[in-house]
Structure formats: structure tokens, C-alpha cells
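Structure record follows, encoded as C-alpha cells.
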Amino acid sequence: MPQFPFTTKDGRTGLVRVATPGDAKAASAITRAVMNERPRTLMVFPEEFWSVRQWRRFRLGWESRGAWLVAELGGMLVGMVTIHRGDRASIRHTAEFGITVAADARDIGIGRALIEAMERWAREQGIIKVCLRVFVNNERAKSLYEKLGYEIEGVERRQVRFPDGEEIDTMLMAKFLA
Ligand SMILES: CC(C)(COP(=O)(O)OP(=O)(O)OC[C@H]1O[C@@H](n2cnc3c(N)ncnc32)[C@H](O)[C@@H]1OP(=O)(O)O)[C@@H](O)C(=O)NCCC(=O)NCCS
């Protein structure tokens, strides 16, 4: 399975690798913590939060349908990216990703390392267009995506609605790899 070493901004060596069933607990804990942050950044909400068992069931390796990658730093799991290829013939040249980094590991280059590794998967699979959705107020994420070459394609108004009634606009962004 492919592995991608990287260096953080503070000089530590980390590793992006394919997720394994053994990552389920740590990955779920990070998602749960980020889901509870405010302002919100993730579309997940508690009612549909994946259990460790579901995470293991839906996990992808490095395969044509998609890939789930995790970042490790100092032996700890600190972030993950999931990418899924378009499931209809007409959009099989596209893929959409989602990314989460633990709060105490942000702004040191882990997000960048995860996205660069994810793009390696996409190029290997012949994906032409990589897409994502981001909440319009998520400045850190938008800034990272723009630095990596993603461009705004549009805004979906009131696209996400949480149980407490909060509604958020989402921005569609994409990058052409070929
Ligand atoms: C968005 C996220 C994945 C980025 O991961 P990360 O490891 O923090 O990203 P990096 O450290 O590689 O890069 C972050 C960049 O944003 C910049 N940044 C941080 N806060 C910023 C802000 N408020 N406005 C603009 N840029 C900002 C950093 O300086 C850095 O840029 P640089 O590399 O030029 O210095 C991570 O912060 C995260 O998981 N956030 C919560 C969940 C989330 O938002 N997921 C994405 C949903 S679409």
C-alpha cells in the first residue's frame, strides 16, 4: 500500500498512509470532536455519526471506487481524508473528497500532506476533476484549497441544515488534474 512521508512546518516527520480497520477508533474520535466544534465545519451531525463498526464497514483502501487515507504524527492519528469517485458513468472522471484534522494538529501542514496524497490516488486512477464542498465561512479550509489550486465553482444557498435549525451555505470548489 502506498505511503507518503511528509515534514510538518515545525520540522517533524509524519506519514500519510491508507486507513486500516485498526484506525477506526481514533478516526471516529477525531470526527466526533470536530463535529462538536463551533463554528461548524463538518456536514456530519450526531444522529448519523458513524460508529466504529460502521467506519470499518464503509472504509475504502486504495481502490478504484475511492480511498481513505490517514495522517500519523508521533505515532498518533491526527487527520484523515476520504475521496469517492463519481458513481455514474458520466461522472467517473470526477471524485469528491472530505478532510478532517484534529484541532491540536492544525496549521502545521497536515491538511496539505493529506490532500497531496489524495491527489496521487486521483491521478493514478485517471481522475480528471477533484471536487469538494466547504462551508462558506470556513476561511482556513478555503485558504488551503485555494493555495493548492482549487477554484470556486459556485455557492449552494442554505444547503446544509442542522437539527438546531442552523443553516449554512456551501461553496463548491474543484481542481482539474488534466
Ligand atoms: C481545514 C483543515 C483540514 C486544514 O488542515 P490543516 O492541517 O490545518 O492545514 P495546513 O496546516 O496544511 O494548512 C492550513 C493553511 O491555512 C492557513 N490558515 C489558517 N487559518 C486561516 C484563516 N483563518 N484564514 C486564512 N488562512 C488560514 C494556514 O496558515 C495554512 O496556510 P499555509 O500553509 O500557507 O501556512 C483543518 O484545519 C480541519 O480539519 N479543520 C476542521 C474541519 C474542516 O474544516 N474540514 C474541512 C471541511 S471542507
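The values are calculated or read from the model by the stated rules, or taken from the named source; none is laboratory data. What you see is a predicted model, and the numbers here were worked out from it, not measured in a lab. Virtual Cβ from ideal backbone geometry, glycine too; neighbours counted across all protein chains shown.
For the condition within 19 Å of residue 44 (Cα to Cα) and among the charged types (D, E, K, R), what is the one hit in 146, 151, 156?
The unique qualifying residue is 156.
Of all residue pairs spaced 6 or more apart or on separate chains, those with beta-carbon atoms under 9 Å, a first member in the stretch 7-19 that is closer than 13 Å to residue 111 by Cα and a second member that is away from the ligand (no atom under 14 Å from the Cβ) are 7/13; 14/5; 14/74; 15/3; 15/5; 16/2; 16/3; 16/5.
Filter the stretch 143-160 down to residues that are in a helix (DSSP H, G or I) and buried (at least 18 other Cβ atoms within 10 Å of the Cβ) and give me whichever is farthest from the ligand (Cβ to nearest atom). My answer is 145. When 75, 66, 61, 86 are checked against the criterion of being more than 15 Å from the ligand (Cβ to nearest atom), over 23 Å from residue 149 (Cβ atoms) and in contact with a strand residue (DSSP E or B) (Cβ under 9 Å, 6 or more places away or on another chain), a single residue qualifies: 61.
Out of 108, 127, which single residue is more than 19 Å from residue 43 (Cα to Cα), within 6 Å of the ligand (Cβ to nearest atom) and assigned to a loop (DSSP other than H, G, I, E, B)? Before you say what the answer is, go through the steps one by one.
Details: 127 fails: within 6 Å of the ligand (Cβ to nearest atom).
Only one candidate qualifies: 108.
Against the test of being loosely packed, with under 15 Cβ neighbours inside 10 Å, more than 16 Å from residue 83 (Cβ to Cβ), out of contact with any Leu (no Cβ under 9 Å at 6 or more places or on another chain) and modelled with pLDDT of 95 or more, the options 124, 139 yield a single qualifying residue, 139.
Candidates in the stretch 90-121 are the residues that are β-branched (Val, Ile, Thr) and under 18 Å from residue 177 (Cβ atoms); of these, the one that is surrounded by the most Cβ atoms within 10 Å (Cβ to Cβ) is 115. Taking residue 8 as the residue in question, decide whether it is among the hydroxyl-bearing types (Ser, Thr, Tyr), crowded, with 17+ Cβ neighbours inside 10 Å and closer than 30 Å to residue 164 by Cβ. No: the conditions fail for residue 8. All conditions but one from (1) touching a residue at least 40 places away in the same chain (Cβ under 8 Å); (2) in contact with a Lys or Arg (Cβ under 8 Å, 6 or more places away or on another chain); (3) hydroxyl-bearing (Ser, Thr, Tyr) apply to residue 100; the one that does not is (2).
Listed by first and then second residue, the pairs with beta-carbon distance under 8 Å, at least 6 apart or on different chains, first residue in the stretch 109-122 and on the phi > 0 side of the Ramachandran plot, second in a helix (DSSP H, G or I) and near the ligand (Cβ under 7 Å from one of its atoms), form an empty list.
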